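For reference, the structure discussed in these notes is given below.
Values quoted throughout were computed directly from the atomic coordinates according to the rules given, and no laboratory measurement underlies them. Quick caveat, the model's predicted, so the values are computed rather than measured. Note: ideal-geometry Cβ built from the backbone for every residue, glycine included; neighbour counts use all protein chains shown.
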Amino acid sequence: MAEGDASKKLAAGIVGILLGTFGIHKFILGYTKEGVIMLLVSLFGFGIGALIMWVIGIIEGIIYLTKSDEEFVATYVNGKKGWF
């Protein structure tokens, strides 16, 4: 696995946990469409949408950080799995 892939894992996991509401972790992984969806739902979801996106961000951040480097690359870098 390339060193850049490992840094994406760490960065996306931490940002997902801390700022998951805004979908920034999706942009880090190159998932522009999913990131825009999370951002728009958070901005225009009247609070409920932001809460839901916050929970999704935390879950995804934890999933990213608990996967082995090989699993992470296979699933999110090579497999392009956009959600969970």
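Some notes on this structure:
- Within region 56-79, the only residue that satisfies the criterion of being surrounded by 14 or more Cβ atoms within 10 Å (Cβ to Cβ) and not in a helix (DSSP H, G or I) is Lys67.
- Among the residues of this structure, Ser7 counts as one that is of a type outside the set (D, E, K, R), in a helix (DSSP H, G or I) and exposed (fewer than 13 other Cβ atoms within 10 Å of the Cβ).
- Filter result (within 9 Å of the chain's Cα centre (by Cα) and of a type outside the set (Gly, Ala, Ser)) within region 15-30: Val15, Ile17, Ile24, His25, Lys26, Phe27, Ile28, Leu29
- Every condition in (1) touching a helix residue (DSSP H, G or I) at 6+ places or on another chain (Cβ under 6 Å); (2) farther than 23 Å from Asp69 by Cβ; (3) surrounded by fewer than 19 Cβ atoms within 10 Å (Cβ to Cβ) is met by Met53 except one, and the failing one is (3).
- Residue match in region 28-36 (condition: free of Cβ contacts under 8 Å to residues at least 60 places away in the same chain and acidic (Asp, Glu)): yes
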